[in-house]
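Each remark here refers to the structure printed beneath this line.
Just so you know, all these numbers are worked out from the coordinates, no wet-lab data involved. Just so it is clear, the model here is predicted, and its values are computed rather than measured. Glycine also receives a Cβ, built like all others from the backbone with ideal geometry; neighbour counts cover every protein chain displayed.
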Amino acid sequence: MADFQPALSKAGSWTVGDSQFDENGKFVSIKLPLESIHDFCNHLMTMADDTSKHKTIKTWNYDTKKAEEVQGIVVSFKGQDGQYGPFGNINPQKLSSGADQPF
């Protein structure tokens, strides 16, 4: 197995917390270091260009108020439960692309 090569130069993080808008529910907060934003965008673009990464996903259509299936990508991050709720790092495995160039 090859050594892990991170997609981001510096890892980001995510947390889940209670809704801040007087609603029952949760929100996800994603924090990315400025130096990793281009890396993350490149990672997303590589996934968008690689059809083997495409999946049928469900998303909510606010106009029709129904779920609909669309083609998309899934970005997953490891996490764990902590004292203040679920949290984890953002630094997926680097994918190879034709041009690993920043924007």
When you scan region 52-65, do you find a residue that is within 14 Å of residue 95 (Cα to Cα) and part of a helix (DSSP H, G or I), even just one? yes
Candidate set from region 1-59 (those that are of a type in the set (Phe, Trp, Tyr) and within 16 Å of the chain's Cα centre (by Cα)); member that is surrounded by the most Cβ atoms within 10 Å (Cβ to Cβ): 40
Under 7 Å between Cβ atoms, which residue pairs at least 6 apart in sequence (or on different chains) link something in region 22-38 that is without any contact (Cβ under 8 Å) to a residue 40 or more places away in the chain and closer than 22 Å to residue 80 by Cα with a partner that is part of a loop (DSSP other than H, G, I, E, B) and among the charged types (D, E, K, R)? 33/10
List pairs: first residue in region 64-93 and touching a residue at least 24 places away in the same chain (Cβ under 8 Å), second residue surrounded by fewer than 11 Cβ atoms within 10 Å (Cβ to Cβ) and not β-branched (Val, Ile, Thr) anywhere in the structure, Cβ distance under 6 angstrom, at least six positions apart or on different chains. 88/78
